[in-house]
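Trainee: Sharing a structure below in structure tokens format, with a few things to ask.
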Amino acid sequence: MQIFIVSIIVSVSLIIEALSGWAIESGPSGQDGPPSVAAIIRAKDGAPMVMIPAGAFTMGSNDGLPSERPEHSVSLESYYIDRYEVTLHLYGTFVRETMHEAPSTWDDEATATVSDRPAVGMGWADAAAYCAWAGKRLPTEAEWEKAARGTDGRRYPWGHMQPFVDIANYNRGVWVSEAITLVSVAGGIEGMSVRHGLKEGGRSPYGLHHMAGNAAEWVADWYDREYYSKSPEKNPIGPANGEKRALRGGSWADLPIALRVSARFSAEPDFQDRTIGFRCAMDAPK
């Protein structure tokens, strides 16, 4: 009963966010702990967005798979990115308002009962269409990775420590249901992680949730396993074309190796799977 009540409270909170329209908060929101940024905006879909400041960070890993090499410095302009993965509630609102076709795995009952879980099962174009509807866009691979790891070269969003089940939602095996397999976009990352000294739980240095596990995430770029050897140093946006789109972050079904912030995956744009969701980004005013 207690778990059910908490789920209702979180769902109501996210619904209120969805109705709030644009708003800029002058400081940290206070929800789930303050991020290391100066401001949070609430975009047109009501989802809180964290500002990632301009500057350089280390992208890739020389210890990773060939597609993650070489490790290199990338400089980005400032931008905003969703603090949470897009939820069932928000994606359901988009489907209803635009008459956009729902994913083949869509479950209306789950949307009503566990609306604070990440929306999964959409193809790349569906994710891009949602972001456009909300006045945003998908993040680039570089934007996603900087938001996940910060500027200190960490291996996971929370640091270098290997994942635990209370830090990230991963290695869950067979799909059961949204309510059981997925966790709330705003929760599921505290407990032992705090006792091990991770004051921010499983959050990234900028306060983003579930950048490792829960739902893998579509990003904007076409995928090229050799792109890092030729990508520009400033604001890379990926190859001009390709056959597959990039995926980042790992999912509830993946092993820890897939949860590393530098790990790169890909799928054909029309691929739909219950392991895949997304979050949106937006340019910061200049």
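The values are calculated or read from the model by the stated rules, or taken from the named source; none is laboratory data. Note that this is a predicted model, so its numbers are computed, not measured. Because the Cβ atoms are built from the backbone with ideal geometry, glycine has one as well, and the counts that use them run over all protein chains shown.
Trainee: From the list SER204, SER231, SER193, which one is of a type in the set (Gly, Ala, Ser) and at pLDDT 95 or above? Steps first, answer last, please.
Mentor: On the way: SER204 fails: at pLDDT 95 or above; SER193 fails: at pLDDT 95 or above.
When all the criteria are applied, what remains is SER231.
Trainee: Oh, and also: Restricting the stretch 117-164 to residues that are in contact with a helix residue (DSSP H, G or I) (Cβ under 9 Å, 6 or more places away or on another chain) and among the aromatic types (Phe, Trp, Tyr), which is farthest from CYS280 (Cα to Cα)?
Mentor: Only one residue tops the list, namely PHE164.
Trainee: Need at least 1 residues that are closer than 22 Å to ALA246 by Cβ and more than 18 Å from the chain's Cα centre (by Cα) per element, so show me which strands (runs of 3 or more DSSP E) inside the stretch 31-142 make the cut, counting only ones lying wholly within it. Can you show your working first?
Mentor: Details: elements: 40-42, 48-52, 55-59, 72-76, 79-82.
Result: 55-59, 72-76.
Trainee: Condition test on TRP144, is it touching a Lys or Arg at 6+ places or on another chain (Cβ under 8 Å) and not small (Gly, Ala, Ser)? Steps first, answer last, please.
Mentor: Values: touching a Lys or Arg at 6+ places or on another chain (Cβ under 8 Å): yes; not small (Gly, Ala, Ser): yes.
Here the answer is yes, as TRP144 does meet what is asked.
Trainee: Are there any pairs, at least 6 apart or on different chains, whose C-beta atoms fall under 6 Å, with the first in the stretch 254-281 and under 19 Å from PHE94 (Cβ atoms) and modelled with pLDDT of 95 or more and the second among the aromatic types (Phe, Trp, Tyr) and in a loop (DSSP other than H, G, I, E, B), and if so, which?
Mentor: As it stands, the answer is ARG274/TRP175, since those pairs meet every condition given.
Trainee: Let me ask you something else. Could we say that GLY60 is touching a residue at least 60 places away in the same chain (Cβ under 8 Å), in contact with a Ser or Thr (Cβ under 8 Å, 6 or more places away or on another chain) and more than 20 Å from HIS210 (Cα to Cα) here? Outline the logic, then answer.
Mentor: Numbers: touching a residue at least 60 places away in the same chain (Cβ under 8 Å): yes; in contact with a Ser or Thr (Cβ under 8 Å, 6 or more places away or on another chain): yes; more than 20 Å from HIS210 (Cα to Cα): no.
When the stated conditions are applied, GLY60 does not pass them.
Let's see how each residue does on (1) buried (at least 17 other Cβ atoms within 10 Å of the Cβ); (2) touching a Phe, Trp or Tyr at 6+ places or on another chain (Cβ under 9 Å); (3) not charged (D, E, K, R):
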| residue | (1), (2), (3) |
| --- | --- |
| TYR84 | yes, no, yes |
| GLY92 | yes, yes, yes |
| ALA119 | yes, yes, yes |
| ALA129 | no, yes, yes |
| LYS136 | yes, yes, no |
| GLU141 | yes, yes, no |
| GLY153 | no, yes, yes |
| ARG172 | yes, yes, no |
| LEU182 | yes, yes, yes |
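Trainee: A further question follows. For the stretch 238-262, which positions are surrounded by fewer than 23 Cβ atoms within 10 Å (Cβ to Cβ) and part of a loop (DSSP other than H, G, I, E, B)? Let's see the steps before the verdict.
Mentor: Taking the stretch 238-262 first, the residues surrounded by fewer than 23 Cβ atoms within 10 Å (Cβ to Cβ) are 238-244, 253-258.
Of everything in the stretch 238-262, those that are surrounded by fewer than 23 Cβ atoms within 10 Å (Cβ to Cβ) and part of a loop (DSSP other than H, G, I, E, B) turn out to be GLY238, PRO239, ALA240, ASN241, GLY242, GLU243, LYS244, ALA253, ASP254, LEU255.
Trainee: Being within 17 Å of VAL176 (Cβ to Cβ) and among the acidic types (Asp, Glu) is the filter here, so list the residues in the stretch 84-115 that pass it.
Mentor: ASP107, GLU109
Trainee: While we're here: Among (1) under 25 Å from PRO256 (Cα atoms); (2) modelled with pLDDT of 90 or more, which single condition is PRO35 missing?
Mentor: (2)
Trainee: Then there is this: For the stretch 156-172, how many residues are assigned to a loop (DSSP other than H, G, I, E, B) and at positive phi? It would help to see each step written out before you state the result.
Mentor: First, the residues of the stretch 156-172 that are assigned to a loop (DSSP other than H, G, I, E, B): 157-158, 160-172.
Now narrow it down to the ones that are at positive phi: 171.
Within the stretch 156-172, residues that are assigned to a loop (DSSP other than H, G, I, E, B) and at positive phi number 1.
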